[in-house]
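What follows is a single structure, written as structure tokens, with notes after it.
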Amino acid sequence: TAVHLPIKEPKEWLDRVPAAVTGDVARQYAACVMHLDDSVGRIVAALEKSGKRDNTLIVFTSDNGGSTAENAGQTYPPDDYAKGNLPGNNTPLRGEKAGLYEGGIRVCSIANWPGKLKAGKVASPLSVADWMPTFCALAGFKADKDLKWDGKNIWPVLAGEATAESRLLYWAGPGFKQQAVRDGDWKFIVTKGDKGKAAREELFDLATDPNETTDLAGRMTDKVAALKKKLADVSMADRDSMAE
């Protein structure tokens, strides 16, 4: 289940949206979120009815931050979609979906497993790529070859048995127009230049500037050089699992 543009909800869901929510796209978006919430509730209810709730790990997450893209685009077949921009809001984080600023890539995740996970919070940065190796480890799956997964089994971290180890996190935006790495609290972003223009390099200290308001690249050239090297090294593995 997901909220994805273009959005167009049935009247029964639009009628449930509070009157305080105004604007065609905003009301459609609110109805879509309510519909999604209801669908998750149905899944939980089905697990409880079947007696499998206590043996099921539920993960609720997102693959990107909110979007303000035009809802009535023609990427999908025309269907009289409400015209206007989606009301995605990642404030105070900078950026949105499809970009590599924190507003585009930093999302919350909820993991719930009665009797297995205690209530708590994990503040260490993890990656959505970690879920596959985590699920496989919990299921007892062992591959007979290197599947070249980018993620790691994070169950010990979620279960409070270990702290997240220091690691390099890497992202590539649509079409590889942007690439970024995070090493500790340092984040380095490269945006390719258009039509022969030089690439833009940005450096942020997320510990003191989580909203990425101050680019330190011009002042910390050594740090830029180090992270640029790490970015080049990690990006060499792009699409490596598709090579065979």
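Taking a cut-off of 14 Å between Cα atoms, list the aspartates and glutamates near Lys148, but don't count ones fewer than 8 places away on the same chain. Those aspartates and glutamates meeting the cut-off are Asp130, Asp238, Asp240, Glu244.
To the nearest 20 debye, what is the magnitude of the charge dipole of region 1-137 about its Cα centre, counting +1 on the Cβ of each Lys and Arg and -1 on the Cβ of each Asp and Glu?
480 debye
Using the Kirkwood radius built from alpha carbon pairs, what does the Stokes-Einstein equation give as D for the chain at 25 °C and 0.890 mPa s, in µm² per second? Estimated diffusion coefficient is 118 µm²/s. Starting from region 126-211, pick out the GluC sites (Glu not before Pro) whose DSSP state is loop and whose Cβ has at most 16 other Cβ atoms within 10 Å. Loop-located and lightly packed - Glu161, Glu165.
Mean residue ellipticity, 222 nm, helices only, the chain: the sum of -39500 (n - 2.57) across DSSP H runs of n ≥ 4, divided by residue count and rounded to 500, is -7500 deg cm²/dmol. Over the chain, with every protein chain in place, what whole percent of the accessible area is carbon and sulfur at 1.4 Å, could you tell me? The computed percentage sits at 53. For region 69-130, trypsin sites (Lys or Arg not before Pro) meeting the loop criterion (DSSP other than H, G, I, E, B) and having at most 13 other Cβ atoms within 10 Å: Lys83, Lys118, Lys121.
Can you tell me, using C-alpha contacts under 8 Å and at least 6 residues apart, the relative contact order of the chain as a whole percent?
Computed over the chain, the figure is 13 percent.
Placing one equal scatterer on every Cα of region 117-232 and applying the Debye formula, the log10 ratio I(q)/I(0) at q = 0.10, 0.21 Å⁻¹ is -0.41, -1.19. The residues of region 21-136 expose, per residue, 62 Å² of accessible area to a 1.4 Å probe. Extension gain for Ala139 to Asp209 (0.36 nm times residue separation, less C-alpha to C-alpha distance): 21.3 nm.
First measure r as the distance between the Cβ atoms of Ile43 and Val122, then evaluate 1/(1 + (r/R0)^6) with R0 = 30 Å and state the FRET efficiency to the nearest 0.05.
After rounding to 0.05, the efficiency reads 0.85.
Could you give log10 I(q)/I(0) at q = 0.20 Å⁻¹ for region 162-230, computed by the Debye formula over C-alpha point scatterers of equal weight, without solvent? Normalising to I(0) and taking log10 leaves -0.86. The distance linking region 11-71 with region 147-201 is 28 Å (Cα centroid to Cα centroid, whole angstrom). Placing one identical point scatterer on every Cα of region 1-87 and ignoring solvent, what is log10 I(q)/I(0) from the Debye formula at q = 0.14, 0.17, 0.19, 0.20 Å⁻¹? Evaluating at q = 0.14, 0.17, 0.19, 0.20 Å⁻¹ gives log10 I(q)/I(0) of -0.59, -0.78, -0.90, -0.96.
The values are calculated or read from the model by the stated rules, or taken from the named source; none is laboratory data. From a predicted model like this one, the values you see are computed outputs, not experimental measurements. Cβ coordinates were reconstructed from backbone atoms using ideal geometry, including for glycine residues, and neighbour counts include every protein chain displayed. Quick note on the areas: whole protein, heavy atoms, side chains included, nothing else; ligands and nucleic acids left out. Shrake-Rupley method; radii C 1.70, N 1.55, O 1.52, S 1.80 Å.
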